[in-house]
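> Could you have a look at this structure, given as structure tokens, before my questions?
Readers should treat all values here as calculations from the given coordinates under stated rules, not as data from a laboratory. Since this is a predicted model, take the numbers as computed values, not measurements. Don't worry about glycine lacking a Cβ; one is built from the backbone with ideal geometry, like all the others, and counts go over all protein chains shown.
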Amino acid sequence: MDNVLSYLTFNTRQFHEMSMRSRVLLSQAPLSITTALLAAGSVAFHPVVWASAAFQWGMILSCGILLLCALIPWDRLPYGLFLTIPVLDFIPIALLRFGANTEVLGIGLMAVFPVLWLAASGLYPRLGLALSLIGPFAMIWVPLFAANAGVSASDLTQSALLPTIIFGIAVTIRVMTASMMDQQKAMEEKDHALQQVLHRSAQRERLLNATMNTVDVGLLAIDADGHDILFNRRQHEVHRIGLPDGVDDAPEKDLLLFRPDGVTLIPTAERPAYRAVAGETFSDYLIRIGEGDHQRVLSASARMMLDEGGHREGAVVAFNDVTELVNALNAKEEFVAMVSHELRTPLTVIVGYLEMMLDDNPPPETLTGLNVIGRNVTRLRRLVDDLLTAASGPPEVSPVRADLADISRESVDAIMARGKEAGVDIVDEVPVGTIARCDPARIGQVLDNLLSNAVKYSPAGGTVTVRAQKMPGSVVCEVEDQGMGMSPEDSAEVFSKFFRTSSVRQAAIPGVGLGLAIVRSIVEEHGGRIHCRSELGRGTTFTFELPDSPRDAEPGTSVSTSDANH
């Protein structure tokens, strides 16, 4: 009904958006227009009907009702009071029908207009249907009783068809209107729910944008084809640092991205965004961006984005500026190296004079003191060597085919005296013929450190076992002790430089926490890996694996992608 009435305004405005007065006028308009056409047609073709006072009063009342629609402030009256208009419409229709008699047929059908109004309004449905039945019957029977003294049952039944048809139309309209109103209500509820979802979505988007632009980490979200989805403020700043001179913008493949040495350009396939588009997940990937004094060190991390079906639809890459941290670490390494070099010179002098004094066959009371000096000088020299090794960067390795049993035997023989002194048994279970491709001196250094730690942290009566076995494509070696063990948290940090567990510090066991960092560095330079398995109070097992084919170069990842914009 709203759409039908909207046509009368040429769809310039929706019916329900108009004022109440306009809506009442438009609802009355179809009947008023029909009445006007009836008036004009009767003047032209049936002037005789104007001789009837009933017809004249019908026209007058029709005009009067239209004036009521226009003059009454319906907006100020209780809602629903406008339904008095279609009820009043039955009066002029009855008069027009009675006045025209048989001269103009079909006037009674005009009762369809007020019936449609009552049925389609949706207000007071039972009362509306009752009036839709009573109104048309009254429109026909009241004049019939008023004009004839004796009305037969035949007269009543002959005129009952039209009101019955009109009532059927009213019922049909009411059913359709009720269905449409239910649908409209459901749509309004869905629209309200959708508006709430949109509001929450917009709120979350604002929160996401505010959060992303607040954090001091460059964030880049890319789709599966490598196109940018999200680019925060900090990432814009980082991106500008990597632009070549004279270039306002460029994709990642054209940015000045270097390896950690700050000189070697990173190949396109190994750049963070391209690796992320290829589906890689990585963390703490160190790169340098820019040139000269403006060059910065970034730690890149990437995680995949998956859709509802678990399929990859993009990735998020985070760029964290770690320039100050790297500079601080470099300064620390330089300081350690400088101090170690400065310590080595006086140590060399002390060792030289100590050997001269020992060669002079000192008396027993002096020899005891010299031996104490010698042990502490040896310990200090070992610490200085560890500091220099840690500060000099990754060790150089020269892999050859070697029997791990020979390397293990030399390390066990070297530590055996310390083991006996501490009351710790050392068991060598490495079978002869366990061939590994490695640098014998460096792997010997690894075993020396692991066995030294195992003896140092084992109680008297404990056992330290070194074993190895050949695996497909590699050799696995492990050193197991029955010492104090470590918590899971300490096990995760045990290979960090200068890290020492709280239990070791409390026990005042000497050391600076560099041995295992050096061990990991040597194993990784062989292309292998090492891990620790420990249980507090039960002991620790260090396991390292050496591949048959040593690493020849830095590993790179080949990425096949059409584009990675930033």
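> Quick check: Cα centre of the range 108-150 to Cα centre of the range 423-444, how many Å?
What the calculation gives is 110 Å, centre to centre.
> May I pose another question? Shape call for the range 239-280 from the C-alpha gyration tensor, a ≥ b ≥ c root eigenvalues: rounded (a/c under 1.5), prolate (a/b greater than b/c) or oblate?
Judged from the Cα gyration tensor, the range 239-280 comes out oblate (a/c at least 1.5, b/c at or above a/b).
> In whole Hz and in residue order, list the ³J(HN,Hα) couplings for the range 406-416 that follow from phi through the Karplus curve 6.51 cos²θ - 1.76 cosθ + 1.60, θ = phi - 60°; x for Gly and Pro.
5, 5, 5, 4, 5, 5, 5, 4, 5, 9, 4
> Given axes a ≥ b ≥ c from the Cα gyration tensor, I'd like to know whether the chain is rounded (a/c under 1.5), prolate (a/b larger than b/c) or oblate. The partial results should precede the final answer.
Details: a/c = 5.04, a/b = 3.96, b/c = 1.27.
Here the chain falls in the prolate category.
> How far apart, in nm, are two points set 7 Å out from the Cα along the Cα-to-Cβ line at Met305 and at Thr214?
Label-label distance for Met305 and Thr214, simple model: 2.1 nm.
> Once you have the Kirkwood Rh of the range 74-136 from its Cα pairs, apply Stokes-Einstein at 4 °C and 1.567 mPa s and quote D in µm²/s. Present the calculation step by step, with values, prior to reporting the outcome.
Working: Rh = 12.5 Å.
For the chosen part, D equals 104 µm²/s.
> Report the FRET efficiency, 1/(1 + (r/R0)^6), for Asp249 and Lys470, where r is their Cβ-Cβ distance and R0 is 56 Å, rounded to 0.05.
0.55
> Label points 7 Å out from Cα along the Cβ direction at Met187 and Leu127: separation in nm?
Output for this residue pair reads 2.8 nm.
> Starting from 0.36 nm per residue, how many nanometres of slack lie between Val400 and Val372 once their C-alpha separation is accounted for?
Difference between extended and current length: 6.1 nm.
> Also, quick follow-up: Once you place label points 7 Å from the Cα toward the Cβ at Asn148 and His236, how far apart are they in nm?
Roughly 8.9 nm, to one decimal.
> Per residue of the range 307-324, what does 6.51 cos²θ - 1.76 cosθ + 1.60 with θ = phi - 60° give for ³J(HN,Hα)? Whole Hz please, x for Gly and Pro, Karplus curve as stated.
7, 4, x, x, 8, 5, 10, x, 7, 10, 10, 10, 10, 9, 6, 10, 4, 5
> If you add up the charges near Arg240, with Lys and Arg at +1 and Asp and Glu at -1, over every other residue whose beta carbon is less than 10 angstrom from its beta carbon, what do you get?
So the surrounding residues net to -3.
> Taking K and R as +1 and D and E as -1, what net charge do the other residues with C-beta under 11 Å from the C-beta of Asp75 add up to?
Value of the local net charge: +3.
> Give me the percent relative contact order of the range 70-138, please, defined on Cα pairs under 8 angstrom at least 6 residues apart.
32
> Next up: Using R₀ = 25 Å, calculate the FRET efficiency as 1/(1 + (r/R₀)^6) where r is the Cβ-Cβ separation of Arg381 and Asp284; round to 0.05.
0.15
> Note the full-extension length gain between Ile229 and Asp359 as 0.36 nm times their separation in residues minus their Cα-Cα distance, in nm to one decimal.
Result for the pair: 39.1 nm of gain on full extension.
> Could you tell me the relative contact order of the range 2-191? Use alpha-carbon pairs under 8 Å, at least six residues apart, and round to a whole percent.
Values: 177 pairs, mean separation 35.8, N = 190.
Across the range 2-191, relative contact order equals 19 percent.
> What is the chain's relative contact order, in percent, from Cα pairs under 8 angstrom and six or more apart in sequence?
Value for the chain: 9 percent.
> What does the net charge come to around Ala468 if you take all other residues with beta carbon closer than 9 Å to its beta carbon, with K and R at +1 and D and E at -1? The partial results should precede the final answer.
On the way: positive: Arg467, Lys470; negative: Glu429, Glu478.
That works out to 0.
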